[in-house]
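Chemist: Before I ask anything, let me first share the structure, which is written out below as structure tokens.
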Ligand SMILES: [Zn+2]
């Protein structure tokens, strides 16, 4: 890398940043204490690389069994780890081990000491150390899928359960669009205080819950449904949605051990998402939408192409659409969408660990094609806190690489590159999510 890279990377490392997306525990105290470093680090992401490399599901499941020592677990996974460790997921963990625990390489000879040091991190204060001191994150937007369900509306004691020192809540809307069991309907009943005896009562509960989440400080809504269905949401008359919804009552009498399915079809789902989008459009809200790669070992990738959302971008011009994961591997489609639609924004959450080099190349292409105010550079998207550190390190590195190439190409100079870095990591997400400056 060039001299410009070092300079810009050093500058980026001084920046306080905004993290657009996390799945961490709402409070540090909720962390799993019955754990070890492999159980925590292989909770998601890199374990899928190990399975992709050939680790059997039965051996994989031994990672989570507390009867085995980390050395025994390491022996099982080592061949798969060694062929996977250069992926973005693997590199992120390596960076965590190095910078958080002083372990240069995760390998047979270091796994015990890494585990010892990791176990010490279960004491209070680790969230602050990782998120604030090491990662310089001012705030993280955290996925919250339920309002505090210990209370119902009649108690007037609702809250969004998350630590406001670290997080701003983002409210998931999936349960309103894609309930699959009666237990989901009942949890909405319990949380909203609305007894769901008809389709119109379902709409009432949906509206009430979303309004409550916003009132309690949710900064955006989130649709993660590209994991289970296509992103193509058609316009559907209410009558069709209602007749699909009414089907759910056919299973209400099933015994509990039957699971009691309550799974209305695509017409209902399409209608419900449009219903929620109309609410969001009226209020001019921000909607985060999962697009691109689905976490896990196998899914229908084509369901997640952001191009499928075009009708929504056209029909709801007053919503700010924050499109996740740079649409990877559909980042080219997202490039054109963000270029053409004033209400479409690119969010690089998860991207830098999915593919560091694709992130560098995409950002370079966006400098060529997309206004600079439309990109947010970082969202950790981790379930465990150490991973956020590894991810933000890679993100700072990748953005420095793209910007140093732009400097080499004489698109702009070092001063402008610094200004752009500050926009991508701080001012853009601050404006997109209408956060108050916390510097
Ligand atoms: Zn996520």
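Chemist: Residue 318 is checked against (1) part of a loop (DSSP other than H, G, I, E, B); (2) away from the ligand (no atom under 16 Å from the Cβ); (3) buried (at least 20 other Cβ atoms within 10 Å of the Cβ) and fails just one. What number does that condition carry?
Modeler: Residue 318 satisfies all of (1) part of a loop (DSSP other than H, G, I, E, B); (2) away from the ligand (no atom under 16 Å from the Cβ); (3) buried (at least 20 other Cβ atoms within 10 Å of the Cβ) except (3).
Chemist: Identify all residues within the range 345-356 that are more than 12 Å from the ligand (Cβ to nearest atom) and surrounded by fewer than 24 Cβ atoms within 10 Å (Cβ to Cβ); write none if there are none.
Modeler: Hits for the range 345-356 are 355, 356.
Chemist: A further question on this structure: What number of residues in the range 312-323 are over 18 Å from residue 373 (Cα atoms) and in contact with a helix residue (DSSP H, G or I) (Cβ under 6 Å, 6 or more places away or on another chain)?
Modeler: Result for the range 312-323: 1.
Chemist: (1) surrounded by 21 or more Cβ atoms within 10 Å (Cβ to Cβ); (2) touching a residue at least 60 places away in the same chain (Cβ under 8 Å); (3) out of contact with any helix residue (DSSP H, G or I) (no Cβ under 6 Å at 6 or more places or on another chain): which one isn't true of residue 229, the others all being true?
Modeler: Every condition holds for residue 229 apart from (1).
Chemist: Pairs, please: C-beta under 6 Å, at least 6 apart or cross-chain, first residue free of Cβ contacts under 8 Å to residues at least 60 places away in the same chain and in the range 208-226, second more than 16 Å from the ligand (Cβ to nearest atom)?
Modeler: Close Cβ pairs satisfying both conditions: 208/192.
Chemist: In this structure, does residue 326 turn out to be within 16 Å of the ligand (Cβ to nearest atom), within 17 Å of the chain's Cα centre (by Cα) and touching a residue at least 40 places away in the same chain (Cβ under 8 Å)?
Modeler: So residue 326 fails the test.
Chemist: Restricting attention to the range 215-226, and to residues there that are in a helix (DSSP H, G or I) and either within 15 Å of the ligand (Cβ to nearest atom) or at pLDDT 95 or above (or both), which single residue is surrounded by the most Cβ atoms within 10 Å (Cβ to Cβ)?
Modeler: Of everything passing the filter in the range 215-226, 226 is surrounded by the most Cβ atoms within 10 Å (Cβ to Cβ).
Chemist: Now for a different question. Taking the condition buried (at least 21 other Cβ atoms within 10 Å of the Cβ), under 23 Å from the mean Cα position of the chain (by Cα) and assigned to a helix (DSSP H, G or I), does residue 93 pass?
Modeler: When the stated conditions are applied, residue 93 passes them.
Chemist: I'm trying to understand the selection: among the residues of the range 324-336, which are crowded, with 24+ Cβ neighbours inside 10 Å and touching a helix residue (DSSP H, G or I) at 6+ places or on another chain (Cβ under 7 Å)?
Modeler: 325, 326, 327, 331, 334
Chemist: Oh, and also: Is there a residue in the range 357-377 that is in a loop (DSSP other than H, G, I, E, B), touching a residue at least 24 places away in the same chain (Cβ under 8 Å) and buried (at least 24 other Cβ atoms within 10 Å of the Cβ)?
Modeler: Looking for residues that are in a loop (DSSP other than H, G, I, E, B), touching a residue at least 24 places away in the same chain (Cβ under 8 Å) and buried (at least 24 other Cβ atoms within 10 Å of the Cβ), one finds at least one in the range 357-377, hence yes.
Chemist: Just one of (1) without any contact (Cβ under 8 Å) to a residue 60 or more places away in the chain; (2) in contact with a helix residue (DSSP H, G or I) (Cβ under 9 Å, 6 or more places away or on another chain) trips up residue 291, so point out which.
Modeler: Unmet for residue 291, out of (1) without any contact (Cβ under 8 Å) to a residue 60 or more places away in the chain; (2) in contact with a helix residue (DSSP H, G or I) (Cβ under 9 Å, 6 or more places away or on another chain): (1).
Chemist: Let me ask something else about it. Can you find a residue in the range 268-287 that is outside any loop (DSSP other than H, G, I, E, B), within 16 Å of the ligand (Cβ to nearest atom) and touching a residue at least 60 places away in the same chain (Cβ under 8 Å)?
Modeler: Among the residues of the range 268-287, at least one is outside any loop (DSSP other than H, G, I, E, B), within 16 Å of the ligand (Cβ to nearest atom) and touching a residue at least 60 places away in the same chain (Cβ under 8 Å), which makes the answer yes.
Chemist: Please name all residue pairs, on different chains or six or more residues apart, with Cβ atoms under 8 Å, provided the first residue is in the range 418-439 and is without any contact (Cβ under 8 Å) to a residue 12 or more places away in the chain and the second residue is in a helix (DSSP H, G or I) and surrounded by 13 or more Cβ atoms within 10 Å (Cβ to Cβ).
Modeler: 437/430
Chemist: A further question on this structure: So which helices (runs of 4 or more DSSP H) are wholly in the range 1-80 and hold at least 2 residues that are within 16 Å of the ligand (Cβ to nearest atom) and closer than 30 Å to residue 288 by Cα?
Modeler: 46-52
Chemist: Might you let me know whether the range 234-245 holds any residue that is more than 16 Å from the ligand (Cβ to nearest atom), buried (at least 20 other Cβ atoms within 10 Å of the Cβ), over 30 Å from residue 432 (Cβ atoms) and modelled with pLDDT under 95?
Modeler: no
Chemist: Answer yes or no as to whether residue 250 is over 15 Å from residue 309 (Cα atoms) and either more than 16 Å from the ligand (Cβ to nearest atom) or part of a loop (DSSP other than H, G, I, E, B) (or both). Working first, answer last.
Modeler: Values: over 15 Å from residue 309 (Cα atoms): yes; either more than 16 Å from the ligand (Cβ to nearest atom) or part of a loop (DSSP other than H, G, I, E, B) (or both): yes.
It is true that residue 250 is over 15 Å from residue 309 (Cα atoms) and either more than 16 Å from the ligand (Cβ to nearest atom) or part of a loop (DSSP other than H, G, I, E, B) (or both).
The values are calculated or read from the model by the stated rules, or taken from the named source; none is laboratory data. In this text the structure is predicted, and so the values were computed from the model without any measurement. With ideal geometry, Cβ positions are generated from the backbone for all residues, glycine too; neighbour counts draw on all protein chains shown.
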